[in-house]
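Working notes for the structure below.
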Amino acid sequence: MQGCSIMPLGKKLTKKLKKNLPVTGPQAPTVYELMQWYCLTTNTHGCRRIVVSNGRLRRYIWILLTLTAVSLIFWQCSLLIMSYYSVSISITVTFQKLVFPAVTICNLNPYKYSKIRPHLASLEEETTLYLQDLFDFDGSNVRRRRSARTQPATDFLQSIPLVKLEPTEKGNLMAYEIGTGKVRSVDPRTVRTRTQTVVRSSNPTEETIGFRLCDQYNKSDCMIYTFSSGVFAIQDWYRLHYMNYLANMSMEEKIQMGYSAEEFIVMCKYDGISCDYRNFTLFHHPLYGNCYTFNGGQDDVLMSSMGGQSYGLQVVLYIDDEEYNPFLVTSTGAKILIHHQDEYPFIEEIGTEIQPAAETNIGMQLTESSKLSSPYSDCTMDGSNIPVTNLFNKSYSLNICLHSCFQRAMVATCGCAHYNQPLPDGSQYCDQETNPNWVFCFFKLHEKFLQEELGCRQICREACSSKQWSLTGSIANWPAANAEEWMLRVLSWEMGDIIKRNLTRNDLVSFGVFYSDLNFRSLSENPSNSIVTLLSNMGGQLGLWLSCSMVCVIEIVEVFIIDCSWVFIRQHWGKLKKKWAQKKESQVQQPARSQERKSYNNSVSLGDEDPPTFNTALQLPVPRPDQVPRTPPPNYNTLRIQHAFVQGQEHSEDDIESF
């Protein structure tokens, strides 16, 4: 009977347990429990962190991150599916136009010889006498020619004499001053061979021509600069004095001595449309005088819609070879430079010369280059990080930086500025009257500059972005023999009010500048390892070896950095609180003990071997009433008799429910 009564009770209890205990897994009775089970058992890290995270803020953050990741997955997958099933194509046709560059044109002869010759009278006569003394043009006596001088030689001309170096049989060098006839021995260490780009020491073994420079404040410090040819020596000596004269002239006077745009530009045509001198702007160059720039403005820049000669610039120039200075210029023609509107035209360094009596056609090809700045290279974006002031008021370039650096060094060392470069604020151009030692200082400083002793090469950097035009030229005879007569007559008649004479073919220069085609090359540097590449490679490695995603990385950061930091802080904070409490308790107990010791004057100290006596017991301190232990009352319930088993007891529904 007992077995029959127990079996129904066990079945009933099992049924109740299955009903009340939570059911997990796919058999969960509610969606909430199913989602909770999924989040706890899935490998998707974000879903698990939503369930196990403590605090609402963390749960909300993980919900936001998980939903964002799911949204990005759906978005990217939809784009990939649409791209995969897309069968449509698109054809884009664009007509590209290129900006036509600025074209700067200069006459090789900067000033009309008839107008500047009166200012150079003494220099002209001194140069002629030097040539007669050196090469004996007319065979007359040197002393007689010197006595026939009409213009007195200035101190500046006499301070820089032309000399002829001759080696002796003993290996010494003798310098003969051509103007005065003085002869002196020369130390070979003071002789320099000068070219356009190099100044080096030399020991000439044959006769050479040069000029002698001495420090005006120390006559024993002298240098002799020689040249490979007497032509170069005469030209450099003439230019040296020529710039000294120009430094004392005003800008208005120099512009009046040059060629005006109306007489310099004879014909003009751009993109098949006629133009004239009013489409050019004046640019005064220190060496080439009045130059003119086509399309040099910043606002209304011309565009090229087609490639070819017919869609470019065609110009005819009047150079007037009869007005050329014979000692300054040894070739006739014009010089042009193709550059960007923001660039300064260094036409004396990179310009292209065009000969007269010919038609020169120049085809262009644009190349744009862009470099990466630091840390990939040491180029500069706009020159703002270069400690050199831009004196040219144009966009930064390496040439601008080098010339500005040298001009600053010239002002700091010699006390004046060189005539070939722009004038810095608060300075003046060098001339013999105010700076008698400037020529010697300039040559010494320029020698240091060429040998990179001024530090300009280390300071100046290349620009990160630049535009360059590759040029391809072709030359043809112009005008043709059968057309020369009528063309020159027509042009002479059209310019009759300006030139007052008939033109010859050597007076005219014709050239054309155009794009060969509208294709241009673009050279740009891109970092091989960008942040996108870095994240992609790191994500691939994490996914390959750890099956880890971005959400997993965030989870690792949360657990190993944030949570571990909080655990470390809590542990140390608990230890600090415990130490603080013990310290405070010891501070409270210390005054109480000292007070008790003061209340008993006859304190008893018992050793371990001394037995207690009645007298010593009377001297012990009396405990406080709240510290006296008391005997607890007896527990009478323990005397009752209880049965271990009760037979025939029925379990109610409430007992099972409570169980």
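The values are calculated or read from the model by the stated rules, or taken from the named source; none is laboratory data. A quick note: this is a predicted structure, and the numbers were derived from the prediction, not measured. FYI the Cβ positions are ideal-geometry reconstructions off the backbone, even for glycines, and counts take in every protein chain you see. Areas reflect the complete protein model, heavy atoms only, side chains present, ligands, DNA and RNA absent. Shrake-Rupley method; radii C 1.70, N 1.55, O 1.52, S 1.80 Å.
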Considering only protein heavy atoms and a probe of 1.4 Å, how much of the accessible area of segment 380-463 is carbon and sulfur, as a whole percent? 46
Put one equal scatterer on each alpha carbon of segment 260-311, apply the Debye formula with no solvent term, and list log10 I(q)/I(0) at q = 0.21 1/Å to two decimals. -0.87
Surface accessible to a 1.4 Å probe, per residue, for the residues of segment 380-463, Å²: 48
Can you give the FRET efficiency for Leu535 and Asp276, using 1/(1 + (r/R0)^6), R0 = 60 Å, r = Cβ-Cβ distance, to the nearest 0.05? 0.50
Under the Karplus relation 6.51 cos²θ - 1.76 cosθ + 1.60, θ = phi - 60°, what is the ordered set of whole-Hz ³J(HN,Hα) values for segment 176-192, x standing for Gly and Pro? 9, 6, 6, x, 9, x, 5, 10, 8, 7, 10, 6, x, 6, 9, 9, 10
Convex hull (Cα only) mean projected area of segment 380-463, reported in nm² to one decimal: 5.3
So if we plug the beta-carbon distance of Ser492 and Gln355 into 1/(1 + (r/R0)^6) with R0 = 22 Å, what FRET efficiency do we get, rounded to 0.05? 0.55
Roughly speaking, what is the stretch gain from Gln36 to Ser374, that is 0.36 nm per residue apart minus the C-alpha to C-alpha distance, in nm to one decimal? 116.4 nm
Strictly over 27 Å apart at the Cα level, which of Lys182/Lys448; Lys269/Lys335; Lys115/Lys269; Lys97/Lys467; Lys115/Lys182 would you flag in this model? Lys182/Lys448; Lys115/Lys269; Lys115/Lys182
Amide H of Leu98 versus every other amide H placed in the peptide plane: which residues, excluding those fewer than 5 positions away on the same chain, fall under 5 Å? Ser304
